[in-house]
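First comes the structure, then the notes that go with it.
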Amino acid sequence: MSHGDRPVSDVLQDIVRNVQDLVRSELRLAKTELREELAQMRSASVLIGAGALSGIFGAFFALFALVYALALVMPIWAAALIVAAALAVLAATVLGTGLKRFKSVNMVPRSAAQLKETVA
């Protein structure tokens, strides 16, 4: 029997098998790409964490240096109190601004619009 004389059922079975093989191959490719992306993200995250930790320690020691510099002209407890008060004011300002911006974000309408789009 030549290729041209094959029954339609055999041709359809071959098509289904080929499509299944194609889908499996695409899934394997997607898994491999995802693993590679996650590995890159992991290494980037470690670097970001190390940089953030170094920055925190740097700021901590800079504050100590500021306290010791102020201690040259006033008692050390007063120098530490001034630095602490300045940090408290800075923290309150940053937190207040962040909370104000957070409250101004309106998530519900965007989600509702996206839900309507998805349903449509």
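Ignoring everything except DSSP H segments at least 4 long, calculate the 222 nm mean residue ellipticity for the chain; use -39,500 (n - 2.57) per segment, divide by total residues, nearest 500.
-32500 deg cm²/dmol
Could you give the angle, 0 to 90 degrees to the nearest 10, between helix 107-119's Cα long axis and the longest principal axis of the Cα atoms of the chain?
0
Please work out the FRET efficiency for the pair residue 38 and residue 16, using the Cβ-Cβ distance as r and a Förster radius of 22 Å; give the result to the nearest 0.05.
Working: r = 33 Å, r/R0 = 1.49.
FRET efficiency, residue 38 to residue 16: 0.10.
Output the peptides 11-21, 72-82 sorted from most to least packed, where packing is the average of other Cβ atoms within 10 Å over each peptide's residues.
Details: 11-21: 10.3, 72-82: 12.3.
By packing density, highest mean first, the sequence is 72-82, 11-21.
Karplus couplings for region 70-81 from phi (6.51 cos²θ - 1.76 cosθ + 1.60, θ = phi - 60°), rounded to Hz, Gly and Pro as x?
Working through the residues one at a time gives 5, 5, 6, 10, 7, x, 5, 5, 5, 4, 5, 5 Hz.
Looking at (i) -0.76, -1.08, -1.11; (ii) -0.31, -0.98, -1.16; (iii) -0.37, -0.99, -1.15, which value of log10 I(q)/I(0) by the Debye sum over Cα atoms at q = 0.10, 0.18, 0.20 Å⁻¹ comes from a calculation on the structure shown?
Derived directly from the coordinates: (i).
Whole-Hz Karplus ³J(HN,Hα) for region 21-29, in order, using 6.51 cos²θ - 1.76 cosθ + 1.60 and θ = phi - 60°, x for Gly and Pro?
4, 5, 5, 4, 5, 5, 5, 4, 4
Read the figures in this text as sums done on the coordinates, not as results from a lab. Quantities reported herein were computed from a predicted structural model and do not represent experimental measurements. Please note: Cβ atoms are built from the backbone with ideal geometry, for glycine as well, and neighbour counts cover all protein chains shown.
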